[in-house]
Amino acid sequence: MSKTILITGAASGFGKIAAFDLAKKGHKVIATTQVYPQMSDLIREAKELGIELIVDKLDVTNPRDLAYIHQKYDIDILVSNAGIMEGGPIAEQPVDLIRSMFDVNVFGGLELAQGFIKKFIDQKKPGKIVFTTSMGELWTVPYVAAYCASKHAMGSIAEGLKTELAPFNIKIATCNPGIFGTGFNDRGVDSIFRWYNPENNFTPLSAFDGASESLAHQLDPQSMADCIVDVVLDDNSNFRNVHPKETEDFVKQLQAEAWTAKS
């Protein structure tokens, strides 16, 4: 049966791939982008590929955008995928950058979800919300600790929603990507050097030496988009979905080791 699915952060990466794939499968997809130029580019690309979907503007931190989207669309599934990464050592990272990241990754995602949850309940219909979080929801990666904190927060919110909304037949799931080559991680690393200066900051420049190697071995985002699509369409999906399996195993190992880690 065809579903109406709204996806945020669909201008690029997992959001765009999943939106196109779900539309190809015959679902009614509302693909949203943060700004109008992204919207125009997405409309053009979908037309060139012969893919039918609705494209709209949604900045999850903009109250007017949120009100418009909540009023305009009745959906079956929300894929809350929009997010940003601000990197850097958390002991020195400007708090205003951390706050802006939480506005998008946590508060924007939650406010969007709340609006559709109310519609699901008012309409007495089942619904599903899938949050794209991160492997960083489950462990803290050095020098992107604040980003991981935002994903920890969203993961806790998702888990609370899962329990609280079960009586209303609203299902909640998270998709937790490893390191994929969407450009997202690259931009997160780039963001550090918009404020960090080794002449002024006590964190040595050598602390970031491993970043380039990690970025050089990123995975094909199609497999993560496939995972998201599977979770979206599976009426009995797992709540937490870490991908790939190697990342899941690594996270489980780190979580076990955390019980004996020293301060």
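The values are calculated or read from the model by the stated rules, or taken from the named source; none is laboratory data. All values reported here derive from a predicted model rather than from experimental measurement. Here the Cβ positions follow ideal geometry from the backbone for every residue, glycine too, while neighbour counts run over all protein chains shown. Heavy atoms of the whole protein, side chains included, go into the accessibility calculation; ligands, DNA and RNA do not. Shrake-Rupley method; radii C 1.70, N 1.55, O 1.52, S 1.80 Å.
Quick look at the numbers
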| quantity | calculated |
| --- | --- |
| Which numbered condition Leu205 fails, given (1) open to solvent by 70 Å² or more (accessible area, probe 1.4 Å); (2) touching a residue at least 24 places away in the same chain (Cβ under 8 Å) | (2) |
| Met85 being surrounded by 18 or more Cβ atoms within 10 Å (Cβ to Cβ) and in contact (Cβ under 8 Å) with a residue 60 or more places away in the chain | yes |
| Single condition His70 does not satisfy, out of (1) open to solvent by 30 Å² or more (accessible area, probe 1.4 Å); (2) touching a Gly at 6+ places or on another chain (Cβ under 6 Å); (3) farther than 27 Å from Lys124 by Cβ | (3) |
| Entirely in the stretch 142-240, the helices (runs of 4 or more DSSP H) that have 3 or more residues that are more than 17 Å from the chain's Cα centre (by Cα) | 145-165, 184-192, 209-216 |
| Residues of the stretch 1-22 classified as surrounded by 14 or more Cβ atoms within 10 Å (Cβ to Cβ) and in contact with a Lys or Arg (Cβ under 9 Å, 6 or more places away or on another chain), total | 7 |
| Boolean, Tyr143 is open to solvent by 40 Å² or more (accessible area, probe 1.4 Å) and touching a helix residue (DSSP H, G or I) at 6+ places or on another chain (Cβ under 7 Å) | yes |
| Test: residue in the stretch 23-45 that is under 18 Å from Phe131 (Cβ atoms), in a loop (DSSP other than H, G, I, E, B) and open to solvent by less than 30 Å² (accessible area, probe 1.4 Å) | no |
| Selection count, the stretch 152-168, where residues are open to solvent by 10 Å² or more (accessible area, probe 1.4 Å) and within 24 Å of Ser191 (Cα to Cα) | 2 |
| Meets criteria (open to solvent by less than 20 Å² (accessible area, probe 1.4 Å), acidic (Asp, Glu), over 24 Å from Arg99 (Cα atoms) and not in a helix (DSSP H, G or I)) for Asp56 | yes |
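One line per residue, one yes/no per condition, for (1) open to solvent by 40 Å² or more (accessible area, probe 1.4 Å); (2) at negative phi:
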| residue | (1), (2) |
| --- | --- |
| Gly108 | no, yes |
| Glu111 | yes, yes |
| Phe116 | no, yes |
| Pro126 | yes, yes |
| Ile170 | no, yes |
| Gly183 | no, no |
| Phe193 | yes, yes |
